[in-house]
1. Picking from T56, T66, which residue would you name as being free of Cβ contacts under 8 Å to residues at least 40 places away in the same chain and either touching a His at 6+ places or on another chain (Cβ under 6 Å) or not in a helix (DSSP H, G or I) (or both)?
2. Can you run down the residue pairs with Cβ atoms below 8 Å, 6 or more apart or on separate chains, where the first is in region 17-28 and touching a residue at least 24 places away in the same chain (Cβ under 8 Å) and the partner is more than 9 Å from the ligand (Cβ to nearest atom)?
3. In this structure, does L118 turn out to be exposed (fewer than 14 other Cβ atoms within 10 Å of the Cβ), out of contact with any Leu (no Cβ under 6 Å at 6 or more places or on another chain), in a helix (DSSP H, G or I) and modelled with pLDDT of 90 or more?
4. Show the residue pairs meeting these rules: Cβ distance below 9 Å; 6+ apart or different chains; first residue within region 83-111 and free of Cβ contacts under 8 Å to residues at least 40 places away in the same chain and in the same structural domain as D72 (by TED's automatic domain parsing); second residue surrounded by 10 or more Cβ atoms within 10 Å (Cβ to Cβ) and in a loop (DSSP other than H, G, I, E, B).
5. Please indicate, with yes or no, whether at least one residue in region 30-53 is loosely packed, with under 13 Cβ neighbours inside 10 Å, within 13 Å of the ligand (Cβ to nearest atom) and not in a helix (DSSP H, G or I).
6. For region 73-90, how many residues are part of a helix (DSSP H, G or I) and surrounded by 10 or more Cβ atoms within 10 Å (Cβ to Cβ)?
Amino acid sequence: MTLRRKCNSLNEQEQPCGNWPITDETVCFWHSPNHQEAARQARVLGGRRRRTEQVTQVVFDLNDLTSIEMLDRVFAIATLDTLQLENSPARSRALIALMKTKMDINKHTDLDQRIAELQEVTGEDNDIKL
Ligand SMILES: [Zn+2]
C-alpha cells in the first residue's frame with residue numbers, strides 16, 4: 001500500500017491543503033516559496049480564463065451547459081459558422097458530420113422521452129442520464 005503524500009500547508013479556510021506536493025518538496029505548487037511568481041501568474045491567467053468563459057457563455061446564449069437545449073444551441077452555432085465558410089470539400093464534410101451529430105442527439109432525446117413515458121406507465125423511477 002502506497003500512502004499519498006500531501007502538501008503541508010493550509011488553504012485559505014485554514015484546512016489542510018491536500019494537493020500533491022512538488023517532487024522533493026513538502027508543499028504543492030501553490031504553496032511553494034520557490035514557485036510564488038509562477039503561481040501568481042497562473043492565478044491571473046485562471047481569472048482571465050474564467051472571465052472569458054463567462055463572456056462566451058453570455059455572447060453565445062449558453063445558460064445551462066448541461067441541458068439538451070445547450071447542445072441544440074451549440075449545434076446551431078457550429079452549423080451557422082460552418083455555412084459561412086467558403087464552399088469546399090472540408091466544409092461539406094464538416095456539415096455532414098454536424099448533421100450526423102444532430103441526428104444522434106435527436107435519437108437520444110427521442111429515446112430518453114420514450115423511456116420516461118414507459119417509466120411513467122410502469123411506475124419505475126430509474127433516472128437515466130446521457
Ligand atoms: Zn498546497
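The values are calculated or read from the model by the stated rules, or taken from the named source; none is laboratory data. None of these values were measured; they are calculated from a predicted model. Cβ coordinates were reconstructed from backbone atoms using ideal geometry, including for glycine residues, and neighbour counts include every protein chain displayed.
1. Working: T56 fails: either touching a His at 6+ places or on another chain (Cβ under 6 Å) or not in a helix (DSSP H, G or I) (or both).
One residue alone meets the criteria, T66.
2. Going by the 8 Å Cβ cut-off, there are no qualifying pairs.
3. Values: exposed (fewer than 14 other Cβ atoms within 10 Å of the Cβ): yes; out of contact with any Leu (no Cβ under 6 Å at 6 or more places or on another chain): yes; in a helix (DSSP H, G or I): yes; modelled with pLDDT of 90 or more: yes.
Yes; evaluated as a whole, the condition is true for this residue.
4. Filtered contacts from region 83-111: R91/L85; A94/L85; H108/L130.
5. Within region 30-53, none of the residues are loosely packed, with under 13 Cβ neighbours inside 10 Å, within 13 Å of the ligand (Cβ to nearest atom) and not in a helix (DSSP H, G or I).
6. In the first step, residues of region 73-90 are kept if they are part of a helix (DSSP H, G or I); the result is 73-83, 89-90.
Filter again for surrounded by 10 or more Cβ atoms within 10 Å (Cβ to Cβ), leaving 73-79, 81-83, 90.
So the count comes out to 11.
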